[in-house]
1. Give me the net charge of residue 59's neighbourhood, meaning all other residues with Cβ under 10 Å from the Cβ of residue 59; Lys, Arg count +1, Asp, Glu -1.
2. Grab every C-alpha pair in the chain, bin the distances at 10 angstrom width from 0 up to the longest one, and report whole percents.
3. Order 74, 109 by their accessible area, 1.4 angstrom probe, all chains in place, largest first.
4. What FRET efficiency do you get for residue 70 and residue 12 if R0 is 25 Å and r is their Cβ-Cβ distance, rounded to the nearest 0.05?
5. Whenever you get a sec, compute what percent of the accessible area on the chain sits on carbon and sulfur atoms (1.4 Å probe).
6. Cut-off 16 Å, label point 7 angstrom out along Cα-to-Cβ of residue 80: give me the residues of segment 31-47 whose amide nitrogen falls inside.
7. Keeping all protein chains in place, calculate the accessible area per residue for the chain (probe 1.4 angstrom), answer in Å².
8. Which value at 222 nm does the chain reach when only helices count, each DSSP H run of 4 or more adding -39,500 (n - 2.57), with the total divided by all residues and rounded to the nearest 500 deg cm²/dmol?
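The values are calculated or read from the model by the stated rules, or taken from the named source; none is laboratory data. The structure displayed is predicted, hence computed values, not measured ones. For neighbour counting, all protein chains shown are included, and Cβ atoms are generated from backbone atoms with ideal geometry for every residue, glycine included. Only protein heavy atoms, including side chains, enter the accessible area calculation; ligands, DNA and RNA are left aside. Shrake-Rupley method; radii C 1.70, N 1.55, O 1.52, S 1.80 Å.
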Amino acid sequence: MSPSNPSLLQPHDLQSLQRTSRRDHAPLVIDIRGSRAYRKAHIPGSHPISVPALLSGEPLDTDLVLVGDRHHDTESVAQRLYDADFPRRIQQLAGGFPHWQEQGFEVETQ
């Protein structure tokens with residue numbers, strides 16, 4: 001996928017989206033990296049959901065932003081959701097969580 005792919009969000013775009021979207025219209029930011037990595041550091045407002053749970057759980061009725069260690073980690077997850085007829089928009093964080101951190105954006109820990 002190229003950087004101009006509309007399914008890729010740059011870290012500054014995600015931050016802007018989180019700040020300007022109304023809560024009921026904001027996409028759900030899903031962190032698929034695993035619980036240990038999530039507890040160590042994650043994007044504020046993100047939710048840790050494992051790939052198996054995401055793929056087998058109740059269909060979510062909201063747009064998604066998937067966060068992995070790299071956006072390539074989320075490509076197959078996005079494709080599998082679309083193959084399962086996920087009805088909403090799915091975007092991926094370009095460069096994944098490390099790119100978010102490298103850009104100096106806020107992180108939370110547990």
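1. Values: positive: 88; negative: 58, 61, 85.
Cβ neighbours under 10 Å give a net charge of -2.
2. Here the calculated profile for the chain is 15, 52, 32, 2.
3. Numbers: 74 0, 109 95 Å².
The ranking, largest first, comes out as 109, 74.
4. According to the calculation, E is roughly 0.90.
5. Roughly 48 percent, rounded to a whole number.
6. Output list for this probe position: 31-35.
7. For the chain, the per-residue accessible area is 60 Å².
8. Using -39500 (n - 2.57) per qualifying helix, the result is -10500 deg cm²/dmol.
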